[in-house]
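Chemist: Mind looking over this structure? Questions follow.
The values are calculated or read from the model by the stated rules, or taken from the named source; none is laboratory data. None of the values given here were measured: they were computed from a predicted structure. Here the Cβ positions follow ideal geometry from the backbone for every residue, glycine too, while neighbour counts run over all protein chains shown. Each accessible area value is taken on the protein alone, full model and side chains, heavy atoms only, with ligands, DNA and RNA left out. Shrake-Rupley method; radii C 1.70, N 1.55, O 1.52, S 1.80 Å.
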Amino acid sequence: NSDILCSLCYSNSLPTTKFRELVKVRYNTFFHIIEETIPLFRTTQWMWFAVAIFYTYSDFVVEVIKSNTNLHYLLIYAQLQTPLAFTLYSGTFVLTIATMQTGHIKFQLNQLCWTIVVLCLTVGQLKYIMHNVYNGLIWFTLPILLVIINDVMAYVAGMTCGRKFIQRPFVQLSPNKTWEGFIGGWFFTVIASWYLSRFLVKFTWMTCPTNEFRLLPVPLTCDIDPVFHEATSIIPTQVFELFPSVLVTMIPGVVNVCSVDGNTSLLTACVSGESTHAHHHFELVLKGVFPMQIHAISLAMFASLVAPFGGFLASAIKRAYGVKDFDSIIPGHGGVMDRMDCQFLMALCTWVHYNTFVKMATVSVPKMIYMYNLLKESDQVEFLEKITEMASEAGLEG
């Protein structure tokens, strides 16, 4: 649990710092317009931030309360979350409009749009980081490490092989980025994800989820999810259809399955030179592999092919406002945004992946009990009757 507390401190401090750096860029650029002209300019910006933080935190806390029957005594307070968040939103909205000045409305509207975009990039994804932490630290730690590995290996590949094979610029926003660096980062990140995930699943403090709020650390124990157990996995044949056959045949363990005399019901391993054999599909069975390793490859693909564009967005913002770094809080590296520009997007991808492919069921027993407690008495009686009837039909009584 101490690791969870550290992770939450990490996820909670970053949005504040990143928001400060992003709004500061525009504030410094237009200081000559803002100074003594627009009242409560910084105040309204930070009020929008406070509203977003409150909604994100409170919504996450309500989710934890729903999933833990020991916290259901807080239900009466959890129900106040939505109206309170809306009240704060309404007050901030009114103050923002009330402080608009006739000669600067266009600028203030642009600034409001900028503030909303910054909130989406920072606070908007904070909730998913906290969910990743509580789903199990591996879903928080592994994506961060994959992004770091990709950054390092892309830099190494770019420095050693950059523009030696592909002369065409990779992206105009970052002239120093090369295709060799991008491809090299992808290659090494995918390999690292396979072995790194296999190492991390050995620790229960990495794989165990939690739904408790504790100040003092306690050991984490749980029934290990099957995704963290060694198993035999069959790769869907449709996956291999996405790649050229030449590349697929280079994968160790891949079997080329053929039909005999055009009969698709009669399949066998292809024999080179056999005229009666015709390719049907590729097959790959992985034995002694943790399912988490396969999930890790999916996350590595995103970390190396999509997440870097978060960095390109940061480069575009710096170019637009003529700054080299967002801040100087990290000596030699600039600001937090300069170092963490890809991490929030990666956290969002991890949350989507987890809820789509790992924990596809979003309903749990504690949440059902929570919903039951919200029903009026007559609905509770009807609910129990239906449950009893369904249990009887399924032979689960007694």
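Chemist: Could you give the length gained on full extension between Leu95 and Val152, defined as 0.36 nm per residue of separation minus the Cα-Cα distance, in nm?
Modeler: Working: separation 57, 0.36 × 57 = 20.52 nm, distance 4.52 nm.
Residue separation times 0.36 nm, minus the Cα-Cα distance, leaves 16.0 nm.
Chemist: Also, I was wondering about something else. Which order do Arg319, Arg168, Arg20 take by accessible area at a 1.4 Å probe, largest first?
Modeler: Details: Arg319 140, Arg168 180, Arg20 90 Å².
Most to least solvent-accessible, the answer reads Arg168, Arg319, Arg20.
Chemist: Another question, if that's okay. Would you list the membrane-span-like helices of the chain, meaning whole DSSP H runs whose alpha-carbon atoms span at least 18 Å along their axis and whose mean Kyte-Doolittle value is at least -0.5?
Modeler: On the way: long enough: 2-29 (41 Å, -0.16); 41-66 (38 Å, 0.63); 81-98 (26 Å, 1.05); 105-121 (24 Å, 1.44); 138-161 (33 Å, 1.75); 179-200 (31 Å, 0.83); 291-305 (22 Å, 1.25); 308-321 (20 Å, 0.46); 377-393 (24 Å, -0.69).
Helices meeting the criterion: 2-29, 41-66, 81-98, 105-121, 138-161, 179-200, 291-305, 308-321.
Chemist: So, one more: Work out the P(r) tail for the chain: percent of alpha carbon pairs separated by more than 36 Å, whole number. Provide the component values of the computation, followed by the final result.
Modeler: On the way: 34167 of 79003 pairs.
Summing the P(r) of the chain above 36 Å gives 43 percent of all pairs.
Chemist: Please give the length that would be gained between Lys359 and Asn373 if that part of the chain were fully extended, namely 0.36 nm times their separation in residues minus their C-alpha to C-alpha distance (nm, one decimal).
Modeler: 2.6 nm
Chemist: With all protein chains present, calculate the accessible area of Ser259 using a 1.4 Å probe and round the result to the nearest 10 Å².
Modeler: 10
Chemist: Whole number in Å², please: accessible area per residue of segment 176-305, 1.4 Å probe, ligands, DNA and RNA not counted. Don't jump to the answer; show the numbers that get you there.
Modeler: On the way: 7900 Å² over 130 residues.
Solvent-accessible surface per residue comes out at 61 Å².
Chemist: Top mean-square fluctuation among Gly288, Gly311, Gly158, Gaussian network model of the chain, C-alpha springs under 10 Å?
Modeler: Gly288
Chemist: Based on Cα positions only, what radius of gyration and what Dmax would you give for segment 148-258, in angstroms?
Modeler: Cα only, segment 148-258: 20.3, 60 Å (Rg, Dmax).
Chemist: Would you mind getting me the FRET efficiency between Thr160 and Glu389? Use the beta-carbon distance for r and R0 = 45 Å, nearest 0.05.
Modeler: Values: r = 69 Å, r/R0 = 1.52.
E(calc), rounded to 0.05, equals 0.05.
Chemist: Next up: Of Val365, Val358, Val117, which has the most accessible area with a 1.4 Å probe, and how do the rest follow in descending order?
Modeler: Working: Val365 105, Val358 35, Val117 70 Å².
Ranked list, largest accessible area first: Val365, Val117, Val358.
Chemist: If R0 is 30 Å, what FRET efficiency do you get for Val255 and Lys202 from their C-beta distance, rounded to 0.05?
Modeler: According to the calculation, E is roughly 0.50.
Chemist: Sequence neighbours fewer than 8 away in the same chain don't count; with that in mind, list the lysines whose C-alpha is under 28 Å from Lys359.
Modeler: Straight-line reach from Lys359, under 28 Å: Lys66, Lys127, Lys202, Lys287, Lys367, Lys386.
Chemist: Once label points are set 7 Å from the Cα along Cα→Cβ at both Thr102 and Ile116, what is their separation, rounded to one decimal in nm?
Modeler: In this crude spin-label approximation the distance works out to 2.6 nm.
Chemist: Go through 73-79, 302-308 and give me the packing order, highest mean Cβ count within 10 Å leading. Intermediate values should be presented prior to the final figure.
Modeler: On the way: 73-79: 12.6, 302-308: 22.9.
Averaged packing, sorted descending, gives the order 302-308, 73-79.
Chemist: For Gln380 and Tyr77, FRET efficiency with R0 = 30 Å and r from the beta-carbon atoms, rounded to 0.05?
Modeler: Working: r = 21 Å, r/R0 = 0.71.
That pair, Tyr77 with Gln380, gives E of 0.90.
Chemist: Next question, about the same structure. Rank Pro143, Pro252, Pro39 by mean-square fluctuation in a GNM of the chain with C-alpha springs under 10 angstrom and give only the top-ranked residue.
Modeler: Pro252
Chemist: Could you tell me which residue out of Gln167, Gly181, Gln125 lies farthest along the dipole of segment 99-204 toward its positive end? Charges go on the beta carbon: Lys and Arg +1, Asp and Glu -1, centred on the Cα centre.
Modeler: Projecting each Cα onto the dipole axis, the largest value belongs to Gln167.
Chemist: Considering only C-alpha atoms, what is the centroid distance from segment 183-231 to segment 122-181, in Å?
Modeler: With segment 183-231 and segment 122-181 each reduced to a Cα centre, they are spaced 20 Å.
Chemist: What percent do you get for the relative contact order of the chain when only Cα pairs under 8 Å and 6+ apart count? List each step's numbers first, then the result.
Modeler: On the way: 461 pairs, mean separation 78.9, N = 398.
20 percent.
Chemist: Measure off 7 Å from each Cα along the Cα-to-Cβ vector at Asn28 and Leu242, then give the distance between these two points in nanometres to one decimal.
Modeler: 4.1
Chemist: If you don't mind, another one. Taking 0.36 nm per residue of sequence separation and subtracting the Cα-Cα distance, how much length would be gained by fully extending the chain between Arg42 and Tyr195, in nm to one decimal? If you can, show how the numbers build up before the last one.
Modeler: On the way: separation 153, 0.36 × 153 = 55.08 nm, distance 4.70 nm.
50.4 nm is the gain from fully extending Arg42 to Tyr195.
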